[in-house]
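Below: one structure, written as C-alpha cells.
What follows is calculated from the coordinates using simple rules that are stated; it is not laboratory data. All figures in this text were calculated on a predicted structure; none of them were measured in a lab. All Cβ positions, even for glycine, are placed from backbone atoms using ideal geometry, and neighbour counts span all protein chains on display.
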Amino acid sequence: MIPAAPLPLQPETALAPTPATLPPAPHWQRLWREAVRDPRELLAGLGLDAAAAGISDAAAASFPLRVPRGFIKRMRPGDLNDPLLRQVLPVGLEERVVPGFGLDAVGDGAAKKAEGVIQKYRGRALLVATGSCAVHCRYCFRRHFPYAEETAARDAWSAAVKAIAADPTIDEVILSGGDPLSLATPKLAELTARLAGIAHLKRLRIHSRLPVVLPERVDGELLQWLSALPWPVAFVIHANHANEFDAQVDAAMARLRGAGVQLLNQAVLLRGVNDSVEALAGLSERSFAAGVLPYYLHQLDRVEGVAHFEVPDDEALSLHAALVARLSGYLVPKLVREVQGDTGKRPL
Ligand SMILES: *Cc1c(COP(=O)(O)O)cnc(C)c1O
Ligand code: SF4
C-alpha cells in the first residue's frame, strides 16, 4: 500500500533556505521549463539555416514546438535529416490536407468511459492523467485531442477513479496522457493512493516518454513512489531511434529497473526517422542494451498533419520481415495498428 504520510523530501528540498519561501521545484521541473520552444533557436543551436529548413509558423502555432535541451544535445549538428530533429520540428508539410487523415483517428472520443478514462480493450483502462508532455512529437495522434475537457486531473480524478472502481472487469490501469510523469510526484502518489483502494486492480502500467527525453525526471522521489506501489508495474517508454539513448538515459533506465519495474519500449514507424532495417534493428539493440525490451512498433495513426510520416503497409511488413530474419526473437517488436472498434491492437 501507499504510505499515508507524505513522501520524504528530496535532499535539495530538505535544504530549503527559509521556511517562509516555497521549497524549490525539483531539478527536472527547472529543466522542463528551460525547454526550447522557438524553432529558429533550435535550428540556430544546431548550426542550421531556418530558411532552408521548411519550418512552418502555422504548424508551430497549432501545435507548438517543445523540446528539452538534453534531447537536442543528442541531435547531430548541421544535419537537417537528423532523426531526432525530424520528430520535433514543425514543418510546412504538416499543413497539407490529405484525405483519410482526420481529427480523431483512433476513436478516443467514442471510447470515453468517464472524464479522463478511455477504455477500448477488455481489462485495461487508460487514464488520461494530464495533457502535458515534455516534448511535442509532430506525429502524435494526440495533437488534436481536446485535453482541456478530457484530463482527469481537472477534477482531481474523482470521476475516473469512481468509474474504474465500479467495473470489476478492469484489472489494469494505464497511466497515460499526454505524459503522466509530467505531473509532480506527490500528485502521482495522490492518484495511486486512490487507486490502491480498488481491490480488483492487479497491475499498473505507465506510458511515458519522459525517461527518454528528460531522464532527470527519474529522480529519488519518483523511484521512491514507484518502489512503494502495491502492484507489479509495466513501464512502457517511447523511443523511436537508437540515438535517443545516451549515458544519462541508460542511467535513468538502470534506476527504473532498480525500482523493480518491467521496462518495455513502444515506437512508431516514421518516414525519415526509422524507416530502414538498420534504424529499427539499431533501436531494438540499443534499447536492450539499456535494459528495455521492444514491445510495439506502431503504424502511424492517421491524424491531420502527419501524412508525410506515413510508411505504407507493404513496406512496413517487409521491414518487419527483415527484422525477424535478422534479430533474436525477443528483439522484434510487434507491428500493429490501432483500428477503431477492435478488441486490441491489430497485428499487420
Ligand atoms: C493501446 C491501448 C491500450 C493498451 O493496449 P495493449 O495491447 O495492452 O498494450 C489500452 N487502452 C487503450 C485505449 C489503448 O489505446
Ligand atoms: S510524448 Fe507521447 S503523448 Fe506526448 S507528444 Fe510525444 S508521442 Fe504524443
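From the P(r) of segment 23-95, could you give the percentage of C-alpha pairs in the tail past 16 Å? Value for segment 23-95 (Cα pairs over 16 Å): 48 percent. Between Ala59, Gln224, Ser208, the Cα set farthest toward the positive side of the dipole of the chain (charges on each charged residue's Cβ, about the Cα centre) is that of Gln224. Fully extending the segment from Glu278 to Arg30 would add 85.7 nm, taking 0.36 nm per residue of separation and subtracting the current Cα-Cα distance. Rounded to the nearest 20, the size of the Cβ-charge dipole of the chain about its Cα centre is 700 debye, with Lys and Arg at +1 and Asp and Glu at -1. The count of lysine pairs in segment 112-347 that are at least 8 places apart or cross chains, and whose C-alpha atoms lie under 21 Å apart, stands at 13. Each part reduced to its alpha carbon centroid, segment 210-228 and segment 186-209 end up 15 Å apart. Estimated purely from DSSP H runs of n ≥ 4, each contributing -39500 (n - 2.57), the mean residue ellipticity at 222 nm for the chain is -8000 deg cm²/dmol once divided by its residues. The modelled label-to-label distance for the pair Ala193/Lys73, using points 7 Å beyond Cα in the direction of Cβ, is 3.5 nm. A convex hull fitted around the alpha carbon atoms of the chain yields 143 Å³ per residue. Here's the picture: charge each Lys and Arg Cβ at +1 and each Asp and Glu Cβ at -1 in segment 23-95, and of Ala44, Pro26, Val91 the one pushed furthest to the positive end of that dipole is Pro26.
Put simply, the amide H of Asp275, placed in the peptide plane, has neighbours under 5 Å in Leu270, leaving out anything fewer than 5 places away on its chain.
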